[in-house]
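Each remark here refers to the structure printed beneath this line.
The values are calculated or read from the model by the stated rules, or taken from the named source; none is laboratory data. Remember, predicted model here, so these are calculated numbers, not experimental data. Cβ placement follows ideal geometry from the backbone for every residue including glycine, while neighbour counts extend to all protein chains displayed. Just the protein is used for accessible areas: all its heavy atoms, side chains included, with ligands, DNA and RNA removed. Shrake-Rupley method; radii C 1.70, N 1.55, O 1.52, S 1.80 Å.
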Amino acid sequence: MGLKVTRREQDGILILQLKGRLTFGAADQLLNEEIRHALLWRTSRLVIDLAGLEKMDSAGLGTLLYARAEFSRAGGGLALSNLNRTHLQALLVARLETVFNVYGSEQDAINSFFPERHVPHYDLLAAVTSMRQDRARV
């Protein structure tokens, strides 16, 4: 299965829901096209929901880094939501765990763009520590 991207908007925030595999080739090119399309339409705030993402390789991580840079340059930002254990491990291995704004749910990611809204703190370091402990037990 390749990558399927579903685009929608909530509270003026563009949300891209990913399903499938974000890997080198057509999949990362598709996401790059979605990002460029959003920027052409002057969208500056983006949430990428990874709940349906089965696999992500280094090209996929590179595409997320590209999105972060471009949306920051546009005066906005990027938030990632619904990362699973494998996604968190990929960030850890690439030493990117502090680069992205990561949230436990799509709604928390949306709320992060509004200072007046309460956003529960997603403790990425606690998740990483838990993964390391799990790995040590194996």
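Quick notes
- Pick from the range 18-40, criterion closer than 21 Å to Ala74 by Cβ and polar (S, T, N, Q), ranking: most open to solvent (accessible area, probe 1.4 Å): Gln29
- For the range 77-96, the criterion of a residue being in a strand (DSSP E or B), more than 24 Å from Met1 (Cβ to Cβ) and not aliphatic (A, V, I, L, M) is satisfied by at least one position.
- Positions within the range 59-95 being among the hydroxyl-bearing types (Ser, Thr, Tyr) and modelled with pLDDT of 90 or more, in sequence order: Thr63, Tyr66, Ser72, Ser81
- Set side by side, the residues Thr63, Thr43, Thr6 differ, and just one is open to solvent by 10 Å² or more (accessible area, probe 1.4 Å), touching a residue at least 12 places away in the same chain (Cβ under 8 Å) and either not in a strand (DSSP E or B) or not polar (S, T, N, Q) (or both), which is Thr43.
- Residues in the range 66-76 that are open to solvent by 20 Å² or more (accessible area, probe 1.4 Å), part of a helix (DSSP H, G or I) and in contact (Cβ under 8 Å) with a residue 24 or more places away in the chain were compared, and the one that is nearest to Gly104 (Cα to Cα) is Arg68.
- Condition broken by Thr98, with the remaining ones in (1) closer than 22 Å to Phe113 by Cα; (2) modelled with pLDDT under 95; (3) surrounded by 14 or more Cβ atoms within 10 Å (Cβ to Cβ) satisfied: (3)
- Residue within the range 49-58 that is on the phi < 0 side of the Ramachandran plot, charged (D, E, K, R) and open to solvent by less than 40 Å² (accessible area, probe 1.4 Å) present: yes
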